[in-house]
1. Express the Stokes-Einstein translational diffusion coefficient of segment 144-342 in µm² s⁻¹, to the nearest whole number, given a Kirkwood radius over alpha-carbon pairs, 25 °C and a viscosity of 0.890 mPa s.
2. So what is the accessible area of segment 144-342 per residue, in Å², with the probe set to 1.4 Å?
3. Using packing as a proxy for protection, rank 318-331, 212-225, 249-262, 351-364 so that the peptide with the highest average count of other Cβ atoms within 10 Å comes first.
4. Rounded, prolate or oblate: which fits segment 227-310 when a ≥ b ≥ c are the square roots of the eigenvalues of the alpha-carbon gyration tensor, with rounded for a/c under 1.5 and prolate only if a/b beats b/c?
5. As a quick test, which of the pairs 148/292; 208/292; 119/324; 142/229; 178/324 have an alpha carbon distance above 32 angstrom in this structure?
6. When the Karplus curve 6.51 cos²θ - 1.76 cosθ + 1.60 is applied with θ = phi - 60°, which whole-Hz ³J(HN,Hα) does each residue of segment 261-273 get, with x for Gly and Pro?
7. With a 10 Å radius around each residue's Cβ, average the other Cβ atoms per peptide and rank 121-134, 274-287, highest first.
8. What order, most packed first, do the peptides 292-300, 173-181 have when packing is the mean number of other Cβ atoms within 10 Å of each residue?
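The values are calculated or read from the model by the stated rules, or taken from the named source; none is laboratory data. The structure presented is a predicted model; accordingly, all values stated were derived computationally and were not measured. Quick reminder, even Gly has a Cβ in these numbers, built from the backbone with ideal geometry, and neighbours come from all protein chains shown. Areas reflect the complete protein model, heavy atoms only, side chains present, ligands, DNA and RNA absent. Shrake-Rupley method; radii C 1.70, N 1.55, O 1.52, S 1.80 Å.
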Amino acid sequence: MAGDISGKLTDSDSAGRTGTIGLLKTLNRDELLEVLSQGFCQHCEALLEERIHQLLNKRGSESTVTSDITLISNPVTGKQLARTPLPPPPAANSDILLNDGLGGSGSTSSDNGLSEEQKEHIRFSQVVRKKDFVHMEKINGKSMNVLKGLELHTKVFNAEEQKKIIECVYNLQRMGQKGQLREPRKWMRGKGRVTIQFGCCYNYAVDKIGNPPGILREEEVDPLPPLFKQMIKRMVRWHVLPTMCVPNSCIVNIYNEGDCIPPHIDHHDFLRPFCTVSFLTQCNILFGSSLKIVSPGEFSGPVSIPLPVGSVLILNGNGADIAKHCVPAVPGKRISITFRRMDESKLPYNFLPDPELSRIKPFIVSPSSAPQGHHQKPVINSSFVKAIVQQNQHRNDQAIKDKSDQEATKTTKNDSFLCGNDDFPPLGKASKGASRR
């Protein structure tokens, strides 16, 4: 768009009113709005919006303010128009709280009278999404990006929401210690990090009865807590997780300093993608088709990815099925919550689907959701919405294709990629030497 306009500006110098700017000057206000409402591509729309904000800011700084009324000079007629000033846009909006079950009261000093939809628009636009992880390895003689499918989303949960989630986890831990959770005998026992499971009971290794690793279908556990369901809704609404793979189970990990998770690939009783949300302490997660156990709690691998607090790591494709992953000894207290969707054929016998999680709709940017005070933007049209829908459709189609490829791969995949007893030793605490390292 920028290139086209600059070119036509040059033409208009010689052609007068025949150029784009000249043509626009012949239109009245309503006709201009009609032209602008026809829609733009996503790039042009963002550029146009940025220019409008620049003009508004410039106009605001040059205006003469009398009481609550701003006198604005019309650049064409020279007349002054009286207008009530727009509320100032929030400068730092990460502390905006939403009435979605995660944000407490849903009102902060930085809300500036914004509607819930406008506040969600701001928070949604602040999410940082990294999807370009690349590490090439030779797999069965072919060069392959073993990190394809990994995504890291930050600023999904702000500090206030993280605090609320952490308090919920500690409360659940106390309930488990008092026997108030339906916990199988293996939970919250032994050395290393504490785990609490909801939705299903997952068996990490062959147990004393001979049950293989995977979901224990006869075990009964508690359903997802309400706050965890709100986390799932947030991630699905904000396009962090796809609507075709909404989680229905989770594992809470509570680490002390030095606790770790050995190299493994998540069991295929769980569909892809799945995700891990990190709290309290930033740590690194290692990836690679071959990870080595150097010593208790110390591992080596080709790729190390930092997990900021409040971040959501998505594992899908090669990043979930070709590359193993592990968490070396953590430097301090840490909590992680891993959300996964169970394979329909592996559901616990007494499992009941939660209707609340079947009605989640992704957030779509609309004209009324943009934070413009009480004034609706006239520029945005459904073309932007269509672009988002097309992107989501492409993502869903790709996810379905990846799932089909994975099902085909499971029958032919080399067993070395799956986690056996040697690959996933009993969960333990690192030695003091490893912790210091």
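1. In µm²/s, the coefficient is 142.
2. Accessible area per residue, segment 144-342: 35 Å².
3. 318-331, 249-262, 212-225, 351-364
4. Prolate is the answer for segment 227-310, as a/c is 1.5 or above and a/b outweighs b/c.
5. Working: 148/292 21 Å; 208/292 27 Å; 119/324 38 Å; 142/229 41 Å; 178/324 36 Å.
Going by Cα-Cα distance, 119/324; 142/229; 178/324 fall outside the 32 Å limit.
6. Along segment 261-273, the couplings run 10, x, x, 6, 10, 4, 4, 7, 5, 10, 6, 10, x Hz.
7. Numbers: 121-134: 15.2, 274-287: 20.6.
Result, highest mean Cβ count within 10 Å first: 274-287, 121-134.
8. 292-300, 173-181
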